[in-house]
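Notes follow the structure.
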Amino acid sequence: MHELSIADAIVRIATAHAGGRQIETIEVKVGYLRQVVPDALEFAFVLVAEGTEAQGAQLLLEEVPAAGICRRCGIESELPGFPLACEACGSLDVELVRGEELLVDALTMEGEVPSGRS
Ligand SMILES: [Zn+2]
């Protein structure tokens, strides 16, 4: 279950930034190519977060669509699914530019006024 290792990474990053404060929300960007099952990740997150500052925090997942630049025709296109093929010419020789992300994008901590972002 690779969601467990992803959840573990998220909790480690989040708690490293929390400075001992209770975390309320964690915004995570996950690339499509990570093939994360959101329900499985949330379940794993609850397990991993137990006993840490991230316990009870809300996990907000944003999926980043895959995109690549075609090595044959040079066009950048979104890659909505497998196989990852260029939209313009159908070539499979595509250099990925997005879709492998796994990053903690934003955190809110208890007692903190949320910054202007929505
Ligand atoms: Zn192409």
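Read-outs throughout are calculated quantities, based only on the coordinates presented, and are distinct from any laboratory measurement. Note that this is a predicted model, so its numbers are computed, not measured. Virtual Cβ from ideal backbone geometry, glycine too; neighbours counted across all protein chains shown.
Suppose we take every Cα in the chain and form the convex hull; what volume per residue is that in Å³? List each step's numbers first, then the result.
On the way: hull volume 13.2 nm³, N = 118.
Spread over its residues, the Cα hull of the chain gives 112 Å³ apiece.
Sum -39500 (n - 2.57) across every DSSP H segment of at least 4 residues in the chain, then divide by the residue count to get the 222 nm mean residue ellipticity, nearest 500.
Numbers: 2 runs with 29 residues, N = 118.
So the helix-based figure for the chain works out to -8000 deg cm²/dmol.
Going by amide H atoms built from the backbone, whose H comes under 5 Å of the H on Thr25, apart from near neighbours?
For Thr25, the qualifying residues are Gln58, Thr108.
Ranking Ile75, Ile23, Ile13 by Cβ neighbours within 10 Å, fewest first, what do you get?
Ile75, Ile13, Ile23
In what sequence do Glu53, Glu87 fall when counting other Cβ within 10 Å, fewest first? Walk me through the numbers before you get to the answer.
On the way: Glu53 21, Glu87 16.
In increasing order of surrounding Cβ atoms, one gets Glu87, Glu53.
Within a 10 angstrom radius of the beta carbon, how do Thr25, Thr108 rank from fewest other beta carbons to most? Intermediate results must be reported in sequence, preceding the final value.
On the way: Thr25 14, Thr108 19.
Result, fewest neighbours first: Thr25, Thr108.
Between helix 38-49 and the chain, what is the angle of the helix's C-alpha long axis to the longest principal axis, kept within 0 to 90° and rounded to the nearest 10?
Helix 38-49 sits at roughly 40 degrees to that axis.
Distance between the C-alpha centers of the stretch 1-58 and the stretch 83-99? Whole Å please.
Comparing the Cα centres of the stretch 1-58 and the stretch 83-99, I get a distance of 30 Å.
Nothing charged except the Cβ atoms of Lys and Arg (+1) and of Asp and Glu (-1): what's the magnitude of the dipole of the stretch 2-109 about its Cα centre? Round to the nearest 20 debye.
240
Under the rule of at least 5 residues apart or a separate chain, name every residue whose amide H is placed under 5 Å from the amide H of Val64.
Amide H neighbours of Val64: Val30, Gly31, Tyr32.
Once you place label points 7 Å from the Cα toward the Cβ at Leu61 and Val97, how far apart are they in nm?
Result for the modelled spin labels: 2.6 nm.
Note the angle between two axes, namely the Cα long axis of helix 2-18 and the longest principal axis of the Cα atoms of the chain, as a number of degrees from 0 to 90, rounded to the nearest 10.
Helix 2-18 sits roughly 50 degrees off the main axis of the chain.
Using the basic label-point model (7 angstrom from Cα toward the beta carbon), what is the Glu87 to Glu42 distance in nanometres?
Computed distance between label sites Glu87 and Glu42 equals 3.0 nm.
Quick one: Karplus J couplings for the stretch 99-104, per residue in order, coefficients 6.51, -1.76, 1.60, θ = phi - 60°, nearest Hz, x for Gly and Pro?
x, 10, 5, 8, 9, 7
Name the residue farthest towards the positive end of the dipole of the stretch 2-109 from the options Phe45, Ala14, Cys70, assuming +1 on Cβ of Lys and Arg, -1 on Cβ of Asp and Glu, about the Cα centre.
Among Phe45, Ala14, Cys70, the one farthest towards the positive end of the dipole of the stretch 2-109 is Cys70.
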